[in-house]
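**Q** Please read through the structure below; I'll follow up with questions.
Nothing in this text is a laboratory measurement; each read-out follows from the coordinates by a stated rule. Being a predicted model, the structure only gives us computed values, none of them experimental. Don't worry about glycine lacking a Cβ; one is built from the backbone with ideal geometry, like all the others, and counts go over all protein chains shown.
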Amino acid sequence: MATGAQVELTNDSDPVVDQQDLAHSAGANGATTVAGKYVGKEHKWARPPSSRWNHEHLYQTLPIAGAIGLTWLFNTVYGPTFYPWLNAHYTPFEINCWWTLALTSGFYWAVGLVFMALDMVPFLHARVAQYKLQPRKITWSEYAQVCGIVARNQLCVNLPLTAASAYFMPRPTDLPLPGLGWTAVVYVVCLGFEEAGFYLVHRAVHSKRLYAKVHKMHHRFSAPVAFASTYCTVAEHLSSNLLPIVLGVGLINAHWSLTIMFFCSLELGTLATHSDYNIPGLSDALQHDWHHYSFTENFGPTGVIDEWLGTNSNYKVWLGELQRRDKDTPGWYTRARMELAQKTQ
Ligand SMILES: [Zn+2]
Ligand SMILES: [Zn+2]
């Protein structure tokens, strides 16, 4: 290696549940820094440069711009006829409850199944393998467990919370429809609520008092899959995944169409960031994947508060280390993977 650094490979298998406690209490999963310099062992996380292309800021704004643009386009082209029809056939409660559940849950399963196909169908997996962050592969049996918990959470949390919101805090479902400017404002304000709410709850559930009871389940997979985004306890799903969204759209009095837009765009984001693929044009998966890998950094969904409070220092140092190795010794990760494969054979 041109830098003189030795490629040290650990044949660490993915941490099992008990090891997660160790990593959680110890700090990070081997990622340590001294005066901002990476001094940890070789990681399995973030392999080729192609898995980091999607880290560019331009790519990260595409899903947000797409959600805002498509919603505004639908409301402009179809809205004037669709919403009078909708309100003539369904009550505001039915639209806010059943239509919301059908659209948001249907979208979540549809996108999650696409990611599942990328994981489990070899022909499809080969197309996106270059964007995979960690080498671990999930089994069908683990997928069945994950999907069972996802369905349980939708039934036990999404259903009653959506019904309660539809009854006590229904979103407007009729004309006039919001314009492009207000659609963007609602998105940004609700994203602010989501960032603050999720970060606060997520840091709280990483405390010693709450971790085992509330959050440990979500950290079962150090290399997660898309559906693992809602593989969590009922308490976590309610407090960190849903309440910040419901509060945001309620307090800003978002039109129902914008509530659906925001919810689905967050679903797309969390599915992508848990998928273990960092596919260009989707949300940047590096940040949250690192959280699952290291346990103790990158608590927020956007990274703004992590940057502000400095809860991303090891992550940034490791990214810098990867870039340095890319520059100094192109192809280092290929040799590292080969050595790891030999060690684990
Ligand atoms: Zn997660
Ligand atoms: Zn966590």
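**Q** Would you be so kind as to identify which of I68, T100, V157 lies farthest towards the positive end of the dipole of the stretch 60-339, taking Lys and Arg as +1 and Asp and Glu as -1 on Cβ and the Cα centre as origin?
**A** Selected residue: V157.
**Q** Highest mean first, how do 144-151, 231-238, 86-93, 265-272 rank when packing is the count of other Cβ atoms within 10 Å averaged over residues?
**A** 265-272, 231-238, 144-151, 86-93
**Q** Between L62 and K327, how many nm apart are label points set 7 Å from Cα along the C-beta direction?
**A** 2.6 nm
**Q** How many nm separate the modelled label positions at V234 and W53, each set 7 Å beyond the Cα in the direction of the Cβ?
**A** Going by the 7 Å Cα→Cβ label model, 4.5 nm.
**Q** Mind running the shape call on the stretch 97-213? Use the C-alpha gyration tensor, a ≥ b ≥ c as the square roots of the eigenvalues: rounded below 1.5 for a/c, prolate if a/b tops b/c, oblate otherwise.
**A** In terms of gyration-tensor shape, prolate.
**Q** I've got another one for you. Between F74 and K208, what is the spin-label point distance in nm, taking each point 7 Å from the Cα along the Cα→C-beta axis?
**A** Result: 4.8 nm between the two label points.
**Q** Using 0.36 nm per residue of separation minus the Cα-Cα distance, give me the extension gain between Y143 and L200 in nm, one decimal.
**A** This chain segment gains 17.6 nm when fully extended.
**Q** Could you tell me the distance between the Cα centroids of the stretch 263-308 and the stretch 137-175, to the nearest Å?
**A** 20 Å
**Q** Nothing charged except the Cβ atoms of Lys and Arg (+1) and of Asp and Glu (-1): what's the magnitude of the dipole of the stretch 60-339 about its Cα centre? Round to the nearest 20 debye.
**A** Dipole magnitude for the stretch 60-339 comes out near 660 debye.
**Q** Using a/c under 1.5 as the rounded threshold, could you call the stretch 157-206 rounded, prolate or oblate? The axes a ≥ b ≥ c are square roots of the C-alpha gyration tensor eigenvalues, and prolate needs a/b larger than b/c, oblate otherwise.
**A** Oblate, because a/c is 1.5 or more while a/b does not exceed b/c.
**Q** Please work out how much length the chain gains when fully extended from W98 to T81, using 0.36 nm per residue of separation minus the C-alpha to C-alpha distance, in nm with one decimal.
**A** Extending this stretch completely gives an extra 4.1 nm.
**Q** Which entries of K44/K327; K137/K208; K213/K316 have Cα-Cα distances beyond 28 Å here?
**A** Among K44/K327; K137/K208; K213/K316, the Cα-Cα distance tops 28 Å for K137/K208; K213/K316.
**Q** Sort the stretch 60-339 into rounded, prolate or oblate with this rule: let a ≥ b ≥ c be the square roots of the eigenvalues of the Cα gyration tensor; rounded if a/c is under 1.5, and if a/c is not under 1.5, prolate when a/b is larger than b/c, oblate otherwise.
**A** Prolate, since a/c reaches 1.5 and a/b exceeds b/c.
**Q** If you don't mind, another one. What does the extension gain come out to for V114 and L309, with contour length at 0.36 nm per residue minus their alpha carbon separation?
**A** 66.7 nm
**Q** Here is a further query. Going by amide H atoms built from the backbone, whose H comes under 5 Å of the H on Q134, apart from near neighbours?
**A** A46
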